[in-house]
Amino acid sequence: MDFDSNCKNKKTANESMLICCMLFISEARNCAALDLIERAARIDPESVIVNKFEDRVYNRIRFTIVSYVVVDSTGSPIYSPLHQTVLAIVEAAYGAINLELHSGAHPRLGVVDDIAFHPLAEASLDEAAWLAKAVAADIGSRFQVPVFLYAAAHPTGRAPDTIRRELGYYRPNFMGSQWAGWNIPEILPENPDHGPSHVSRTRGVTLIGARSWVTLYNIPIMCTDVSTARRIARMVSARGGGLPTVQSLALFHGDDSAEIACMLLEPNRIGADRVQAQVEMLAAQEGLDVEKGYFTDLSPEMIVQKYMNLISSRRD
């Protein structure tokens, strides 16, 4: 009781130390399941949903949730409302979604596919990593789900795409461009950081990490040929010799189009305008039209402002 009381007393002094959680769940079509999950996300008024992005073709939703982090007299993080909020969301998702029955145009490894923590305002990456590791340990033990840590939450700082390649994340298993059911071995090729090595086919695997802000930017192209879309995505990415600090993936998005889904790891260095221009150039070489891309989330500044506004209105 004293611990909780002390944390709440320190909240005002530390409310500029904010952590943003981007929580990706493999579902966007089951309205009843999404309602249960969102209700779980709103249980604690100190954790605020500032945005959500859902796509029925991808069958995927992302909640962007923000709260504060409390540190002790030595500067070490000791508490954040996000911890229990994320666990409540995860529990609701596992209770409402069966990965064996899931299909969509976006790759995924689990019902709760990815949980990424980002420092905002005056918080540091160390505090985001502390929270990521605490949440990962609880998910692994409480729900018996394999959890792999990445970026600042892992001792080596390994990248999430490295883990995903090892687990077969990028290999469609349905109709050449779709993912359906559980599609990797139930005994994992390497031990997770938390949880069992044996995978529940209904829940799958979860990746959890902490990293500096990344920008997610999707660009629609009028293309129905799998190999062409994937070639463009590869040539845009740093891995394929394209733009530094850019990762990209070709995903089909309807009967007559695809999207080049891009992650900008250093958006201040390589921004959306440059990525848009690169995709347009590569698509033109293939005789393809390109639409203006779109961001799937708000900017860090907008997220902080929206959080502050929502918290203030609740207090009033």
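The values are calculated or read from the model by the stated rules, or taken from the named source; none is laboratory data. This structure is a prediction, so every number in the text was calculated from the model and none was measured. Here Cβ is always computed from backbone atoms with ideal geometry, including for glycine, and neighbour counts include all displayed protein chains. Note: accessible area is taken over every heavy atom of the protein model, side chains too, but ligands, DNA and RNA are not part of it. Shrake-Rupley method; radii C 1.70, N 1.55, O 1.52, S 1.80 Å.
Work out, step by step, the length gained on full extension between Asp225 and Ser16: first 0.36 nm times the residue separation, then minus their alpha carbon distance; give nm to one decimal.
Net length gain for the segment: 70.5 nm.
Packing, as the average of other Cβ atoms within 10 Å across residues, places the peptides 228-239, 151-162, 176-187 in the order 228-239, 151-162, 176-187, highest first. On the beta carbon distance between Glu186 and Arg142, with R0 = 25 Å, the FRET formula returns roughly 0.80. Dividing the Cα radius of gyration of the range 215-295 by its Kirkwood radius returns 0.93 for Rg/Rh. Placing dummy labels 7 Å off each Cα toward the beta-carbon, the span from Asp126 to Asp255 is 5.7 nm.
Which residue, chosen from Leu101, Ala128, Gln84, occupies the Cα position most advanced towards the positive end of the dipole of the chain, where the dipole is computed from +1 (Lys, Arg) and -1 (Asp, Glu) charges on Cβ about the Cα centre? Result: Leu101. Just how far, in whole angstrom, is the range 66-88 from the range 179-196 if you go by their alpha carbon centroids? Value for the Cα centre distance between the two parts: 29 Å. When a 1.4 Å probe is rolled over the protein heavy atoms, the share of accessible surface on the chain that falls to carbon and sulfur comes to 50 percent.
Using a Förster radius of 35 Å, what is the FRET efficiency between Glu301 and Arg158 based on their Cβ-Cβ separation? Nearest 0.05, please.
On the way: r = 29 Å, r/R0 = 0.84.
It comes to 0.75.
Between the labelled values (i) 19.5, 66; (ii) 18.6, 55; (iii) 24.1, 101, the entry that holds Rg and Dmax of the Cα atoms in Å as derived from this structure is (i).
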